[in-house]
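Asker: Quick one: the structure is below, and I'll ask about it shortly.
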Amino acid sequence: MRYIIIGAGAVGGVIGARLIQGGNDVVLVARGAHLAALRGSGLRLVTVEGAETLPVHAVTDAAELGELRADDVLVLAVKSQDTVAALTQWAAAPVAGGGIAADRLALVCAQNGVENERVAQRIFRTVYGMCVWLPATHLEPGVVVSHTAPMSGILTLGRYPHGSDSTISEFGKHLASSQFLAPVVEDVMRWKYGKLLNNLGNALMALLDDSGEPAQDLWRGARAEGEVVLAAAGIPYADEAEREVVQGDRMQLQQIEGVPRLGGSTWQSLARATGSAEVDYLNGEIALLGRLHGVPTPINDLLQRLVTEYARDRREPRDLAPSRIRAMLG
C-alpha cells in the first residue's frame with residue numbers, strides 16, 4: 001500500500017511521519033509555505049523523545065503524481081470545510097489499469113466531525129471513517145508536534161457507514177506498527193459521534209481567556225446539549241468510559257521542553273489566521289440536529305457564530321471572558 005495524506009497539517013503530518021518511520025510508502029499533500037518547507041528540508045517531527053527530520057515526498061495536487069497506483073489509499077486529513085474541494089480534486093485522478101480514484105481507490109476520512117464520510121460517499125465508492133484522538137500541533141511550516149506517549153494517538157477505524165474489510169484491517173496493522181493504537185471496529189461512526197461531543201469544547205478553548213470553573217461550566221453545558229440532541233435523534237455514541245478502557249495508559253499528554261501544547265485544532269486555525277474554522281461541523285452539527293429534532297441548543301449556536309466571526313475577521317483567539325459568553329446567552 002501507498003498512503004497519500006491529503007492535508008499534511010497537525011493530524012495528517014503526524015500520521016504521515018509515523019507511517020514513514022514505520023517503513024511505509026507515503027506521499028504528503030500540502031500547499032504554500034508548508035509545501036515549500038517539506039520539499040526544501042523535509043518534515044520535522046517533534047515528540048517527547050526529541051526531534052527528527054524526515055525526507056518526504058510532497059506534492060501539491062493529484063496532477064503532480066500522474067497516474068495513481070491501484071494500491072493507493074487516500075487519507076483525507078483536511079479540515080471539514082475543505083473536504084468538498086479536496087474530494088473534487090482527487091476524485092477524477094486516473095489510476096493505473098484504467099478508471100479513476102473515485103471508483104477504484106479507498107478513501108479514509110481522518111477528520112473531526114461526522115459529515116465528511118457522508119459527503120465523501122457521494123463521490124467515492126469505498127469510504128472509511130477514522131476517529132482521531134491525536135493531540136498534535138502545526139503552527140510552523142515544515143514542523144508538526146506529537147504531544148502524547150507512548151502512543152502518538154488512538155485512530156479507531158472502520159468502513160462507512162459500518163463494517164470492516166481487509167483493506168482497513170491492513171491499514172490498521174500499519175498504523176499499529178507506527179506508534180498508534182488502531183482498533184478496527186464495525187461501528188466507527190458511533191465512535192466518531194462520541195468524539196464529536198468532546199470536540200464541542202474546541203470552540204471554548206479557542207475563544208476564552210480563562211480555563212477555570214466558569215469555562216468548565218460552559219463546556220459541560222455545550223456537551224449536555226449535544227447529548228440531548230443525539231438522544232432525540234436516536235444516534236448512538238461511544239461514551240468516555242469506553243474510550244478510557246481503550247486508551248488506558250497508552251496515550252498520555254507529555255511536556256515537551258520548549259514546545260507547549262497551546263490549543264486544539266480550532267485554536268490553531270484562529271492562531272494561524274486561516275480565515276476559516278471547522279466549527280460548522282462540530283458545534284454546528286449539534287445546532288443542525290437540534291433544529292431538525294426540536295431541541296434548543298443555545299450554547300452551541302452561540303459558539304458556532306462566535307468562532308465563525310473570529311475566523312472571518314482573523315481576530316486573535318482567547319480574548320473573551322466566560323462571563324461575556326454567559327451575558328450573550330442572556
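The values are calculated or read from the model by the stated rules, or taken from the named source; none is laboratory data. Just so it is clear, the structure is predicted and the values come from calculations on it, not from any experiment. Heads up, the Cβs are rebuilt from the backbone with ideal geometry, glycines too, and the neighbour counts pull from every protein chain shown. Surface areas here come from the heavy atoms of the whole protein model, side chains and all, with no ligands, DNA or RNA. Shrake-Rupley method; radii C 1.70, N 1.55, O 1.52, S 1.80 Å.
Asker: How large, in percent, is the carbon and sulfur part of the accessible surface of the chain at a probe radius of 1.4 Å?
Answerer: 51
Asker: Further, regarding this structure: Tell me the accessible surface of Asp71 in square angstrom (1.4 angstrom probe, heavy atoms of protein chains only), to the nearest ten.
Answerer: The value for Asp71 is about 60 Å².
Asker: Additional query: Please grab the % of Cα pairs in segment 82-162 that end up more than 17 Å from each other.
Answerer: Details: 1814 of 3240 pairs.
Tail fraction, whole percent: 56.
Asker: What length, rounded to one decimal in nm, is gained on full extension from Arg250 through to Gln121, with 0.36 nm per residue of separation minus their alpha-carbon distance?
Answerer: Between Arg250 and Gln121, full extension yields an extra 43.2 nm.
Asker: If you don't mind, another one. Residues of segment 1-159: accessible area per residue at 1.4 Å, in Å²?
Answerer: Numbers: 5420 Å² over 159 residues.
Result: 34 Å² per residue.
Asker: Then there's this: Assuming R0 = 30 Å, can you tell me the calculated FRET efficiency for the pair Glu309 and Asp239, based on Cβ-Cβ distance, to the nearest 0.05?
Answerer: 0.40
Asker: Check each of the GluC sites (Glu not before Pro) in segment 180-237 and keep only those in coil by DSSP with at most 16 other C-beta atoms within 10 angstrom; list them in order. Could you put the intermediate results ahead of the total?
Answerer: On the way: sites: Glu186, Glu225, Glu227; in loops: Glu186.
Answer in residue order: Glu186.
Asker: Per residue of segment 62-77, what does 6.51 cos²θ - 1.76 cosθ + 1.60 with θ = phi - 60° give for ³J(HN,Hα)? Whole Hz please, x for Gly and Pro, Karplus curve as stated.
Answerer: 5, 4, 5, 7, x, 5, 6, 8, 5, 9, 5, 10, 8, 10, 8, 10
Asker: Given the rule -39500 (n - 2.57) for each run of at least 4 DSSP H residues, summed and divided by the residues of the chain, what is its mean residue ellipticity at 222 nm, to the nearest 500 deg cm²/dmol?
Answerer: It lands at -12500 deg cm²/dmol.
Asker: In addition: Return one quarter of the surface area of the convex hull spanned by the alpha-carbon atoms of the chain, equal to its mean projected area, in nm².
Answerer: Here the figure is 16.0 nm², rounded to one decimal.
Asker: Hey, what's the Kirkwood Rh for segment 86-216 if you take every pair of different alpha carbons, in angstrom?
Answerer: Details: mean 1/r = 0.0606 Å⁻¹.
Every distinct Cα pair counted, the radius reaches 16.5 Å.
Asker: Additional query: So how far, in whole Å, is the C-alpha centre of segment 51-79 from the one of segment 254-302?
Answerer: So the two Cα centres are separated by 27 Å.
Asker: Compute for segment 6-61: radius of gyration divided by Kirkwood radius, i.e. Rg/Rh, restricted to C-alpha atoms, rounded to two decimals.
Answerer: Rg/Rh: 0.93.
Asker: OK, next. Nearest 5 is fine: what % of DSSP beta bridges in segment 94-185 come out antiparallel, could you say?
Answerer: Given both bridge residues lie in segment 94-185, the antiparallel proportion sits at roughly 60 percent.
Asker: Could you tell me the accessible area of Ser177 in Å² (1.4 Å probe, neighbours in place), rounded to the nearest ten?
Answerer: Number for this one is 90 Å².
Asker: Could you size up the charge dipole of the chain around its Cα centre, putting +1 on the beta carbon of Lys and Arg and -1 on that of Asp and Glu, and report it in debye to the nearest 20?
Answerer: Once rounded to the nearest 20, the dipole reads 400 debye.
Asker: Take every DSSP beta bridge whose two residues both sit in segment 1-77, then give the antiparallel share in percent to the nearest 5.
Answerer: 30
Asker: Out of all DSSP beta bridges in segment 32-184, what portion is antiparallel? Express it as a percent rounded to 5.
Answerer: Of the beta bridges lying entirely in segment 32-184, close to 50 percent run antiparallel.
Asker: If you don't mind, another one. So if I average 1/r over every pair of distinct C-alpha atoms in segment 232-284 and take the inverse, what Kirkwood radius in Å does that give?
Answerer: 14.6
Asker: Could you check how many percent of all C-alpha pairs in segment 193-278 are farther apart than 18 Å?
Answerer: Pairs farther apart than 18 Å: 58 percent.
Asker: Per residue of segment 95-108, in order, report the coupling 6.51 cos²θ - 1.76 cosθ + 1.60 (Karplus, θ = phi - 60°) as ³J(HN,Hα) in whole Hz, putting x for Gly and Pro.
Answerer: Per residue, the Karplus-derived 3J(HN,Hα) values read 10, 4, x, x, x, 10, 4, 4, 8, 10, 9, 7, 10, 10 Hz.
Asker: Using a 10 angstrom cutoff on alpha carbons, build the Gaussian network for the chain and name the most mobile of Leu28, Leu157, Leu139.
Answerer: Between Leu28, Leu157, Leu139, it is Leu139 that shows the largest mean-square fluctuation.
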